[in-house]
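These notes concern the structure reproduced below.
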């Protein structure tokens, strides 16, 4: 292929952002010769058809880097141009006074998020009978006012979906005249809290799939310009089974794109008496009758603040990536009530009647037992965007151009896989992308890091100690859709970081391509590590299991990237 540094050439796309070759609603006879050839190739590779998802990494169009992209908004937002993208920091899981267990105005959450460096966020009040009846409508004017008051912040409207028979998920849409209508119809028809208690497991799982299909239909009908689904705190109660996660993703990969790699509620781990003295993320559960029986007990706890599904090298997330499934990780605040805040809900509020609490009031009493941080204060989902716009953020999320961090461990990151020796600026395949080369071609990972030299919101400068490169073989669709291991995935090398501040460039020889693989990267301050659940031979210095009551989130910081695939032409 020569210098095979770009994404595969994009096929013609349809209204749901899938290439026509991947859209099962388009018959072979209506495809262009190029798309028909692509579909035939994918079927032959086992990546289309029964048991295979409709958007294989082999065929996603992706977006080429817009080299030299100008920074288009106020630097206070935290975005910066690196690798040809504007990296926009955000949070997709935030609650307001329109949630029965929260208290803040939309503008309170958005204003704090923007002040703490966010470029975009999603308001996700809880799905419920009251929210479905009243809240979706009533929160919208507050969101519209916030968009006007904070033009340097992209404020999406969404909701936290009670997935029928499973956990929660962020669902949000592109702003527009139909955003309230689509979210309201979705919640009333598909929220788990509104379903009959007599529903069977099969009925609930089918309803969840129908809900995702509904969102895709709204996009294709151009009711909204985009809709996304991200599963929240997936391992918290053990009720998101591997096959359900696969089903959500395979139902519509342009809608169902990933899950929280780390939950919110990170302040809950601050030890008493200064904090709650609980478990990070409120991950303090045990298996129940509704839990998937195959999950180990360790899955009900966080690991370095991250969900077990993400933190375990060779675990559930890797099992999806090894299939070639585009499935991305994020982090967020899940902010309800903020640690060390001094406010409370408005007195005499009637949530059931009004769908909201009255505006918060100052109390002068410090909330040391609250479990949340303000948006942007601790966790960031950094999205490689081609512009400062709602569409560009959604496109970046959908493409997997995302890296996440806690405590602002690093300032910036650009990861690429390229043909060995290709040193042209901004070449190579970025996060979430696919590099296709001839078998036998040598490839390398390049990683450009901006080390932190600015204090975080806990008033210290984080120090990156180690960067791990994780590689897994792409083995194709699994026979058992409840599989949650990837035996061929492991840490292949680690880099010790001795510098404090400034740029660091790392590279790793991925060898000559003999079988398809993916690569992802993580980094740590090195304060708490232990061999991973799959053993030291797979992950010698992974995150440590968090102990409830002794899990100060500021003392254990990590970053994770989404993967890049390398596949034969």
Burial ordering of 386, 489, fewest other beta-carbon atoms within 10 Å first: 386, 489
Please compute the contact order of the chain in relative form: average sequence separation of alpha-carbon pairs under 8 Å and at least six residues apart, divided by the residue count, as a percent. 17 percent
Please work out the Cα center distance from the stretch 95-144 to the stretch 227-300, rounded to the nearest Å. 21 Å
Using distinct alpha-carbon pairs, which all enter the 1/r mean, Kirkwood radius of the stretch 530-569 in Å: 12.9 Å
Taking R0 as 25 Å, what's the FRET efficiency between residue 459 and residue 342 from their Cβ-Cβ distance, rounded to 0.05? 0.85
Averaging over all projection directions, find the projected area of the Cα convex hull of the stretch 190-253 and quote it in nm² with one decimal place. 4.9 nm²
Go ahead and run the numbers for FRET between residue 202 and residue 285, Cβ-Cβ distance against an R0 of 25 Å, rounding to 0.05. 0.55
Across the stretch 506-548, what fraction of all alpha-carbon pairs, as a whole percent, falls in each successive 10 Å bin from zero upward? 21, 40, 29, 9, 1
Of the beta bridges DSSP finds with both residues in the stretch 84-362, what % are antiparallel, to the nearest 5? 45 percent
Add -39500 (n - 2.57) for each DSSP H run of 4 or more in the chain, then divide by its residues: what number comes out at 222 nm, to the nearest 500 deg cm²/dmol? -5500 deg cm²/dmol
Any idea what diffusion coefficient the chain gets from Stokes-Einstein, in µm²/s, Kirkwood Rh on alpha carbon pairs, 4 °C, 1.567 mPa s? 55 µm²/s
Expected sort for 567, 118, 321 with the fewest Cβ neighbours (10 Å cutoff) up front is 567, 321, 118
Here the percent of antiparallel bridges among DSSP beta bridges lying wholly in the stretch 419-569, to the nearest 5, is 90 percent
Starting from the Cα-Cα distance between residue 545 and residue 274, subtract it from 0.36 nm times their residue separation and give me the gain in nm to one decimal. 95.4 nm
Nearest-0.05 FRET efficiency for residue 493 and residue 28, computed from C-beta distance (R0 51 Å): 0.70
Extension gain from residue 137 to residue 354, taking 0.36 nm per residue of separation minus the Cα-Cα distance: 77.0 nm
Between residue 369 and residue 482, what is the spin-label point distance in nm, taking each point 7 Å from the Cα along the Cα→C-beta axis? 3.9 nm
Quick one: Cα convex hull volume of the stretch 84-362, Å³ per residue? 151 Å³
Rank the residues 214, 306 as a footprinting-exposure proxy: fewest other Cβ atoms within 10 Å of their Cβ go first. 214, 306
Antiparallel DSSP beta bridges within the chain, as percent of all bridges there, nearest 5: 80 percent
At what distance in angstrom do the alpha carbon centres of the stretch 155-214 and the stretch 303-359 lie from each other? 17 Å
Percent of C-alpha pairs per 10 Å bin, the stretch 226-319, short to long: 17, 45, 29, 8, 1
Could you work out the Rg to Rh ratio of the stretch 324-481, with Rh taken as the Kirkwood radius (inverse of the mean 1/r over all Cα pairs)? 1.10
So what's the Cα pair-distance distribution over the stretch 260-395, bin width 10 Å, in %? 11, 28, 31, 23, 7, 0
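Every number here is computed from the coordinates shown, using simple stated rules; none is lab data. Because the structure is predicted, anything quoted here is derived from the model rather than measured. Don't worry about glycine lacking a Cβ; one is built from the backbone with ideal geometry, like all the others, and counts go over all protein chains shown.
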